[in-house]
Amino acid sequence: MSCPDCFQGHVHSNDLKGQITTLHGFDVYVAEPSDGPDAVRGIVIIIPDAFGWEFVNSRILADRYAEKGKYKVYLPDFMNGRAAPLWIIYHVILAAAGFLWFLHFNKFSKSWPLVRSFATAVRQNEGARLPIAAAGFCWGGKHTVNLAHGVEVDGRPLINAAFTGHPSLLDIPGEIEKIKIPTSFAMGELDRVVKIPQVMQIKRIVEGNDGVGEVKVYYGANHGFCVREDPALRDSEKQAVEAEDQALDWFNRHFARVSL
């Protein structure tokens with residue numbers, strides 16, 4: 001399920017390092033390590049939360065992934081300019097209406113073909129000789145889980161590893177049981193979208209399926225903590241950084257096993 005909680009959180013401020021370009025028919029925010037293209041060890045495709053590719057928090061995260069992980073990071077517009085407006089964060093009472101408006105334009109049946117086509121094009125081109133990961137948050141978590149089902153092109157998986165923070169709209173257990181690509185979950189203890197009983201169900205499935213995944217629960221964390229944490233709260237910011245490192249550690253571990 002999903003809910004107005006998907007629209008709550010905090011907007012950050014920072015100097016962005018990436019560039020905006022057009023790639024495979026999509027507007028994309030691209031971040032690279034400061035060491036230059038020769039330092040790139042892999043590709044990460046970020047599938048964002050409801051606030052889309054222009055949300056500064058997501059772009060800051062892309063910059064961090066690029067610099068800390070030495071990855072080329074793509075943050076595409078998978079919503080055709082129909083991301084949730086940022087004013088919803090400041091008007092909680094209107095979040096329910098905003099949620100319905102957002103889903104009208106961005107339901108999975110419309111967005112999944114876009115995500116899949118972009119990942120396919122990257123695998124066939126930029127990622128032909130590099131490992132690829134997907135990182136999805138909230139709305140983007142469902143797409144990441146579906147990429148982790150082992151979708152292939154030319155006999156190769158579109159991604160080699162996946163990470164999702166506080167995913168929403170999941171079909172549990174159905175979509176979880178189909179995971180074949182190593183997938184790491186970062187879940188908030190107080191998340192009202194995927195509650196603890198469902199989190200434990202996900203954990204049992206992925207950790208019992210030949211160790212195809214892992215689940216880490218962040219105690220005291222709410223929905224959105226990976227991207228929309230409150231910097232004024234020490235534990236909140238600390239947990240966001242821990243989730244960031246969780247993703248990068250997971251990618252590093254599984255990229256090392258990829259034979260190209």
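The values are calculated or read from the model by the stated rules, or taken from the named source; none is laboratory data. Model, not experiment: these values are computed from the prediction. Please note: Cβ atoms are built from the backbone with ideal geometry, for glycine as well, and neighbour counts cover all protein chains shown.
A few points about this structure:
- Residues located in the range 176-189, provided they are over 17 Å from Asn146 (Cα atoms) and either touching a Phe, Trp or Tyr at 6+ places or on another chain (Cβ under 6 Å) or surrounded by fewer than 15 Cβ atoms within 10 Å (Cβ to Cβ) (or both): Gly188, Glu189
- Options Lys216, Lys238, Lys203, Lys180; residue that is closer than 20 Å to Ala161 by Cα, part of a helix (DSSP H, G or I) and among the charged types (D, E, K, R): Lys203
- Taking the listed residues Val206, Val258, Val217, the one that is among the aliphatic types (A, V, I, L, M) and either closer than 28 Å to Ala128 by Cβ or loosely packed, with under 14 Cβ neighbours inside 10 Å (or both) is Val258, with no other qualifying.
- The criterion of at least 1 residues that are among the small types (Gly, Ala, Ser) is met, among strands (runs of 3 or more DSSP E) falling completely within the range 22-94, by 26-31, 42-47.
- Some residue of the range 153-163 being assigned to a helix (DSSP H, G or I), touching a Lys or Arg at 6+ places or on another chain (Cβ under 8 Å), surrounded by 15 or more Cβ atoms within 10 Å (Cβ to Cβ) and of a type in the set (A, V, I, L, M): no
- Qualifying residue in the range 131-149 (condition: at pLDDT 95 or above, under 29 Å from Ala39 (Cα atoms), surrounded by fewer than 15 Cβ atoms within 10 Å (Cβ to Cβ) and hydrophobic (A, V, I, L, M, F, W, C)): no
- Residue match in the range 21-34 (condition: free of Cβ contacts under 8 Å to residues at least 24 places away in the same chain and touching a strand residue (DSSP E or B) at 6+ places or on another chain (Cβ under 6 Å)): yes
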